[in-house]
Amino acid sequence: MAERTRVCTEEMEEKTRRRKEDNSSDNSDKVTLKKEIGLLSACAIIIGNIIGSGIFISPKGVLEHAGSVGLSLIVWVCGGGICALGSLCYAELGVTIPKSGGDYSYVTEIFGGLVGFLLLWSAVLIMYPTTLAVIALTFSNYVLQPAFQNCVPPFIAIKLLAAICVLFLTWVNCSSVRWATRIQDIFTVGKLLALALIIVVGLVQIFRGHYDALVPSVAFEFQQDASVGQIALAFLQASFAYSGWNFLNYVTEEVVEPRKNLPRAIYISIPLVTLVYTMTNIAYFSSMTPEELLASNAVAVTFGEKLLGWFSWVMPISVALSTFGGINGYLFTSSRLCFSGAREGHLPYLLAMIHLKNCTPIPALLVCCIATIVILCIGETHNLINYVSFINYLSYGVTIAGLLYLRKTRPNLARPIKVSLLVPISYLIFWAVLLGFSLYSEPVVCGLGMVIMLTGVPVYFVGVQWKEKPKWIYRFIERVTYVGQKLCYVVFPQNDSSETEPLTAKATN
């Protein structure tokens, strides 16, 4: 560490020691990520990240590609099943390699720095900022909709409110892990209540005999010729609504008793979300014909206008609350990805530092916030989402393939959870078929996604592998790190080896 950075760190640590010298112990002086995520908050993170704007928008895309009501419902159920298979694999990886960072940390541990860096590069550069920008724009659009009932809200107003929302939630996440998790808990309950309202109203419609579209003879009437490629695209649409099922693995080091609560949260959350999504789609079809659903750009709002009467205003508000919680969840988890990447030396070391008092990764949060606002200013968010969706599912497959590779190369590694080999193999077969047909159906979109990822190769060799850089580059990095520490009041966290010791203690290699 550079002399100036070391002095800065020592100064701030000395201030903390003086402030706590009367009542501190060795344990309380540790500057580490706080373990404040219990089982309830862990479930809220998974559910809150999965349930965003997807379930209110994606049913249209699933039905459009599936071609019939019956097949679209099968896609929703199977999509949840595939997520369950993937989450079981991630549960094993999460307790075997108990590091924050999710896919990136596992792939780096298993396959080495280059593969891990490529996942990190695509996620930090495009994937998560773009997803955050889309969710923030959806939030602001629904918040402003009641004020512009007879016209479309001004796009500048939508962008401005989206930026304010991202800035506010960044401040919350910088201030306290507990505040961030409490927001996640509250808004997750709000999302489930909104979906419960849709489900209850839909069930009332069914009991009244309004289920014509759900009768098997009608439900499997195809509006277009079914093809494997179109079904694969329907699964991709459903997978967008299910995305986020792996996000608890990004904050493993902040979970209380992760070897117990990580798998428990997965076992509770994934089946619950699958049930809620399936019942929500059944409710949609109880009151809307397939033609009406395909003509709607906001299915939940159309549903509310048809059945809730004067109470229909609750639906745009519910979608806004849902997306607000989604933004908070994505900020919380994506900042931990930056933190993990910096700790491995793949990003500037400043991003691996945490606030001396609040123990939050403020530099990483600020990078996520700034990247999201830049994407908001660019405006081409939906095109970018199409390009990086391919990368997202590619990273899932590479990570789960890593589980099989780790089983082969390190068979004696301590594994508190060990799933059957049929689970990762089944997932990889589905994954290969899905991505293969997606590449066949949308070669340009998938190809551009690969290009975005591969631009990280020269960056890796220049930024990470090249050790003999000119001295002025090191001096510049040292100066930026020094100023960043002063501004953000951050230091390197102390390692807590209590959870990571079993990772290597019983390994033979």
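The values are calculated or read from the model by the stated rules, or taken from the named source; none is laboratory data. Remember, it's a predicted structure, so these values are computed and weren't measured experimentally. Here the Cβ is made from the backbone with ideal geometry for all residues, glycine too, and neighbour counts use every protein chain on show. Note: accessible area is taken over every heavy atom of the protein model, side chains too, but ligands, DNA and RNA are not part of it. Shrake-Rupley method; radii C 1.70, N 1.55, O 1.52, S 1.80 Å.
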* Asked: For the stretch 204-321, list the helices (runs of 4 or more DSSP H) that sit wholly inside it and hold at least 3 residues that are among the small types (Gly, Ala, Ser) and modelled with pLDDT under 85; which are they?
  -> 228-242
* Among the numbered conditions (1) within 30 Å of Ala364 (Cα to Cα); (2) open to solvent by 40 Å² or more (accessible area, probe 1.4 Å), tell me where Cys165 comes up short. => (2)
* Among the helices (runs of 4 or more DSSP H) contained in the stretch 49-132, which hold 2 or more residues that are closer than 30 Å to Pro316 by Cβ, open to solvent by 10 Å² or more (accessible area, probe 1.4 Å) and aliphatic (A, V, I, L, M)? -> 69-96
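Give the stretch 200-252 a look and list any residue that's of a type in the set (Gly, Ala, Ser), touching a residue at least 12 places away in the same chain (Cβ under 8 Å) and open to solvent by 50 Å² or more (accessible area, probe 1.4 Å), or say none. Walk me through how you get there before you give the answer.
Here is the first cut: in the stretch 200-252, the ones of a type in the set (Gly, Ala, Ser) are 202, 209, 213, 217, 219, 226-227, 229, 232, 234, 238-239, 241, 243-244.
Next cut, touching a residue at least 12 places away in the same chain (Cβ under 8 Å) only: 202, 213, 219, 226, 229, 232, 234, 238-239, 241, 243-244.
Answer for the stretch 200-252, where residues must be of a type in the set (Gly, Ala, Ser), touching a residue at least 12 places away in the same chain (Cβ under 8 Å) and open to solvent by 50 Å² or more (accessible area, probe 1.4 Å): just Ala226.
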* To do: Would you check if there is a residue in the stretch 358-367 being in a loop (DSSP other than H, G, I, E, B), of a type in the set (Val, Ile, Thr), over 25 Å from Val107 (Cβ atoms) and open to solvent by less than 20 Å² (accessible area, probe 1.4 Å)?
  => yes
* Asked: Being in contact with a Pro (Cβ under 8 Å, 6 or more places away or on another chain), crowded, with 24+ Cβ neighbours inside 10 Å and over 30 Å from Ser426 (Cα atoms), is that true of even one residue in the stretch 141-159?
  -> yes
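Just one of Thr278, Thr289, Thr302 is free of Cβ contacts under 8 Å to residues at least 24 places away in the same chain, open to solvent by 10 Å² or more (accessible area, probe 1.4 Å) and among the polar types (S, T, N, Q); which is it?
Details: Thr278 fails: free of Cβ contacts under 8 Å to residues at least 24 places away in the same chain; Thr289 fails: free of Cβ contacts under 8 Å to residues at least 24 places away in the same chain.
Exactly one residue qualifies, and that residue is Thr302.
Okay, residues lined up against (1) open to solvent by less than 30 Å² (accessible area, probe 1.4 Å); (2) at pLDDT 85 or above; (3) touching a Ser or Thr at 6+ places or on another chain (Cβ under 8 Å):
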| site | (1), (2), (3) |
| --- | --- |
| Cys369 | yes, yes, yes |
| Val374 | no, yes, no |
| Thr381 | yes, no, yes |
| Thr399 | yes, yes, no |
* How many residues are open to solvent by 20 Å² or more (accessible area, probe 1.4 Å) and of a type outside the set (Val, Ile, Thr) when one looks only at the stretch 259-275? -> 7
* Asked: What number goes with the only condition from (1) closer than 26 Å to Gly345 by Cα; (2) loosely packed, with under 14 Cβ neighbours inside 10 Å; (3) at pLDDT 85 or above that Ser498 does not pass?
  -> (3)
